[in-house]
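The values are calculated or read from the model by the stated rules, or taken from the named source; none is laboratory data. Since the model is a prediction, treat every value here as computed from it, not as a measurement. Glycine gets a Cβ as well: all are built from the backbone with ideal geometry, and neighbour counts include every protein chain shown.
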Amino acid sequence: MPILKPPAVVEFQSVSKVYRLGFLGRRIHALRDVTLAVPRGSVFGVVGPNRAGKTTLVKALLSICRPTSGTILRLGWLAQNRSTLDRVGYLHESQAFPGYLTAAALLQYYGALSFIPAGELARRIPQRLEQVGLADRAREPIATFSKGMVQRLALAQALLNDPELLVLDEPTEGMDLVARKLLHDVVRHHKAEGKTTILVSHSLSDVEQLCDRVAVLRGGRLAFSGALGELIAGATADDSATALQDALEPMYAGAST
């Protein structure tokens, strides 16, 4: 019998994105003919050097920008269909939460934006704060939080709508070792529930520990997409973290920073 592949939660089909800058219309090719699929229930890593196109890939997926050409499917629908966004959780790499709000008030605000019923929201807010280790700081202003604590709060916000697809953009930035372990536990729990995570990260350690599949971008092009084991199969290093670094070095070489 043929081996059936799990259905894709996200599909990029020959996607390109060109930005035009200035009066002369300078063209910046952020993505060039990218085709990849993210299977349901996977933790899918997206890596690459600076200016590789990772941010544009995420923006296009989340309908923040439109591709110049190609097709993006999100949860089985065209990405232009914004109704599927209520099934997506997103953690941005840089947070700009109002410092005067408390952690609980921030989640209340985002929950209302997501049209989560009041009773359900009252139940979820303490659950999510407990999940990210901020239950004892629920009534404190965000202005008093460290950068790592703000990242944990952002993770709670991304999880608030119980998303089928969780998109994490550099989530461990500013996190200490305890917070990073907490994040790893959240991602593994999300996968155990059959849900999907896309992890955009420069931390090869996080990618090696969490991801089962990975895409490598370089200069807007897809340099590799497949199982993590396939990427490091040709490396000669003894441990997988070093093997991942060895496998990526030729793909990063000469990339613009």
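Taking the residues in the stretch 110-130 that are over 27 Å from residue 178 (Cβ atoms) and in a helix (DSSP H, G or I) as candidates, determine which candidate is modelled with the lowest pLDDT. Of everything passing the filter in the stretch 110-130, 113 is modelled with the lowest pLDDT.
If you check residue 167 against the conditions, is it touching a strand residue (DSSP E or B) at 6+ places or on another chain (Cβ under 7 Å), surrounded by 20 or more Cβ atoms within 10 Å (Cβ to Cβ) and among the aliphatic types (A, V, I, L, M)? Spelling it out, residue 167 is indeed touching a strand residue (DSSP E or B) at 6+ places or on another chain (Cβ under 7 Å), surrounded by 20 or more Cβ atoms within 10 Å (Cβ to Cβ) and among the aliphatic types (A, V, I, L, M).
Just to check your reading of the model, which residue among 206, 185 is charged (D, E, K, R), out of contact with any helix residue (DSSP H, G or I) (no Cβ under 7 Å at 6 or more places or on another chain), crowded, with 18+ Cβ neighbours inside 10 Å and at negative phi? Result of the check over 206, 185: 206. For the stretch 100-119, the criterion of being among the hydroxyl-bearing types (Ser, Thr, Tyr) and touching a strand residue (DSSP E or B) at 6+ places or on another chain (Cβ under 9 Å) is met by at least one residue. Scanning the stretch 72-86 turns up no residue that is touching a residue at least 40 places away in the same chain (Cβ under 8 Å), among the charged types (D, E, K, R), touching an Asp or Glu at 6+ places or on another chain (Cβ under 8 Å) and in a helix (DSSP H, G or I).
So that you can scan it fast, the table gives a plain yes or no per residue for (1) outside any strand (DSSP E or B); (2) within 15 Å of the chain's Cα centre (by Cα); (3) at pLDDT below 95; (4) closer than 21 Å to residue 171 by Cβ:
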residue	(1), (2), (3), (4)
6	yes, no, yes, no
14	no, no, no, no
17	no, no, no, no
23	yes, no, yes, no
31	no, no, no, no
44	no, yes, no, yes
52	yes, no, yes, yes
57	yes, yes, no, yes
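Taken residue by residue, the stretch 8-31 has no member that is touching a Phe, Trp or Tyr at 6+ places or on another chain (Cβ under 9 Å), over 14 Å from residue 167 (Cα atoms) and hydroxyl-bearing (Ser, Thr, Tyr). Checking each residue in the stretch 56-86 for being surrounded by 16 or more Cβ atoms within 10 Å (Cβ to Cβ) and basic (Lys, Arg) picks out 59, 74.
One residue stands out among those in the stretch 131-151 that are assigned to a helix (DSSP H, G or I) and either hydrophobic (A, V, I, L, M, F, W, C) or modelled with pLDDT of 95 or more (or both): the one that is farthest from residue 57 (Cα to Cα), which is 136. Of the helices (runs of 4 or more DSSP H) lying entirely inside the stretch 161-257, those containing at least 3 residues that are modelled with pLDDT of 95 or more and either farther than 26 Å from residue 109 by Cα or touching a Gly at 6+ places or on another chain (Cβ under 7 Å) (or both) span 177-192. Pairs meeting the criteria (first residue in the stretch 9-37 and over 19 Å from residue 88 (Cβ atoms), second residue among the charged types (D, E, K, R) and assigned to a loop (DSSP other than H, G, I, E, B), beta carbons under 9 Å, at least 6 apart or on different chains) are 17/66; 30/51.
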